[in-house]
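Worksheet: one structure, shown below.
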Amino acid sequence: TQPDHNYTFEKVLAEFTNNNTECNEHKAMCNFAIISEYEFDQAGDIVDIPAESIGKTQYFNDLKEQEVIFPEGYNQIANCLAGGLNIKHATVTKINYVSSPIEISTDRGIFEANYVISTIPLGVLKKNMISLFDPPFEQNKTNSINNLKMGTLDKTYLIFDKEEVMKDPYWDELNQEWAIRADDWETYDSSWRFFMDFHTFTDKPIILAFNFGSTAERLEHETDETIKQQIMEALRKTYPYSTIPDPVKIIRTSWATDPLSFGTYSFIPVTGTISDIDELAKPIDNKLFFAGEATSKRYYGTVHGA
């Protein structure tokens with residue numbers, strides 16, 4: 001039989017933890033381990049993730065593929081691709097794709113083109129689709145945009161004073177790439193559970209903290225000082241026998257409230273299917289084309305998918 005697309009990950013997890021002896025005995029820990037894996041992967045909440053997503057990932061299709069990190073940032077890719085091109089920076093306010101040539105209205109005037117490739121993120125399309133495109137899209141494409149969901153995965157970088165931080169043995173303990181806060185399993189809270197040691201990649205005293213889904217959206221409205229206090233409280237609970245200094249600086253992403261993205265990357269929720277990605281990717285009149293991670297059926301949600 002075909003899987004029930006409306007059967008959510010939340011329902012599967014409840015059944016699994018009840019029927020699995022080990023998980024039933026350690027339900028809170030099991031819930032955290034499983035929920036965080038899929039919420040991290042999809043950048044959404046388990047109430048939105050269909051059960052059929054279990055065992056699938058948009059990142060890698062087999063174990064031979066490896067994840068890489070760019071210590072100097074993604075600009076290295078963008079700058080390479082932009083080599084020799086005449087790049088004009090402007091904020092697009094309207095695309096009239098029935099005119100000939102196509103008219104692209106921006107905050108720096110009107111540009112004309114015979115063809116347009118839109119890489120507008122799904123989050124922006126969901127909020128501004130009607131105002132951005134003239135005429136509005138036909139119903140099938142509109143439905144596909146509404147059916148898909150833009151997830152949020154935010155990162156907070158904590159930058160420490162190198163001389164001060166290296167004095168404490170906790171740094172050697174954390175210097176194993178990943179740390180997961182394991183206290184207080186009874187209250188599942190994805191706020192500050194995952195930490196990554198960036199010293200391994202940059203040789204600088206940097207710790208990266210993650211949060212995702214509705215938790216990340218909520219935390220974007222907190223101040224830097226509040227965020228710093230929350231993270232340091234979590235780290236100090238994880239390493240109670242160390243004296244961890246405060247960071248000298250933090251750098252945060254705020255993807256959900258960024259008007260040029262309104263989210264980090266897309267995923268297929270219970271309201272959508274893989275066919276919605278196909279529909280979003282379809283060109284209009286062979287002159288308005290769509291690209292970006294939300295149009296990649298195999299690798300949605302990734303840089304290589306984009």
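The values are calculated or read from the model by the stated rules, or taken from the named source; none is laboratory data. These numbers were taken from a predicted model, which means no experiment stands behind them. All Cβ positions, even for glycine, are placed from backbone atoms using ideal geometry, and neighbour counts span all protein chains on display. Side chains included, ligands, DNA and RNA excluded: accessible areas come from the protein's heavy atoms. Shrake-Rupley method; radii C 1.70, N 1.55, O 1.52, S 1.80 Å.
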(message) Out of the residues in the stretch 120-151 meeting the condition of being farther than 23 Å from Glu217 by Cβ and part of a loop (DSSP other than H, G, I, E, B), tell me which one is least open to solvent (accessible area, probe 1.4 Å).
(response) Phe137
(message) Residues that are at pLDDT 65 or above: list the strands (runs of 3 or more DSSP E) wholly contained in the stretch 152-216 that include at least 1 such residues.
(response) 153-159, 194-197, 206-212
(request) Examine the stretch 55-75 for a residue that is open to solvent by less than 60 Å² (accessible area, probe 1.4 Å), modelled with pLDDT of 70 or more and out of contact with any His (no Cβ under 8 Å at 6 or more places or on another chain), and state whether such a residue exists. (result) yes
(message) Please go through the stretch 64-98 and give me each residue that is in a loop (DSSP other than H, G, I, E, B) and among the β-branched types (Val, Ile, Thr), ordered by number.
(response) Val68, Ile69, Ile87, Thr91, Val98
(request) Name the residue, out of Pro240, Pro269, Pro259, that is closer than 19 Å to Glu39 by Cα and assigned to a loop (DSSP other than H, G, I, E, B). (result) Pro269
(request) Just need a number here: residues in the stretch 191-214 that are surrounded by 18 or more Cβ atoms within 10 Å (Cβ to Cβ) and free of Cβ contacts under 8 Å to residues at least 40 places away in the same chain. (result) 3
(request) Search the stretch 216-239 for residues that are in contact (Cβ under 8 Å) with a residue 60 or more places away in the chain and pair each with any residue that is surrounded by fewer than 18 Cβ atoms within 10 Å (Cβ to Cβ) and assigned to a helix (DSSP H, G or I) when their beta-carbon atoms are under 9 Å apart and the residues are at least 6 apart or on different chains. (result) Glu217/Thr257; Leu219/Thr226; Leu219/Gln230; Glu220/Thr257; Tyr239/Glu173
(request) Tell me which of these Val116 doesn't satisfy, since it passes every other one: (1) at pLDDT below 95; (2) more than 21 Å from Ser275 (Cβ to Cβ). (result) (1)
(message) Report every pair of residues separated by at least 6 positions or lying on different chains whose Cβ atoms are under 8 Å apart, first residue within the stretch 125-140 and in contact (Cβ under 8 Å) with a residue 12 or more places away in the chain, second open to solvent by 20 Å² or more (accessible area, probe 1.4 Å) and charged (D, E, K, R).
(response) Ser131/Lys94; Leu132/Lys94; Phe133/Lys94; Asp134/Lys94; Asn140/Glu279
(request) Would you mind telling me which numbered condition in (1) small (Gly, Ala, Ser); (2) farther than 15 Å from Phe194 by Cβ; (3) assigned to a helix (DSSP H, G or I) Ala234 fails? (result) (2)
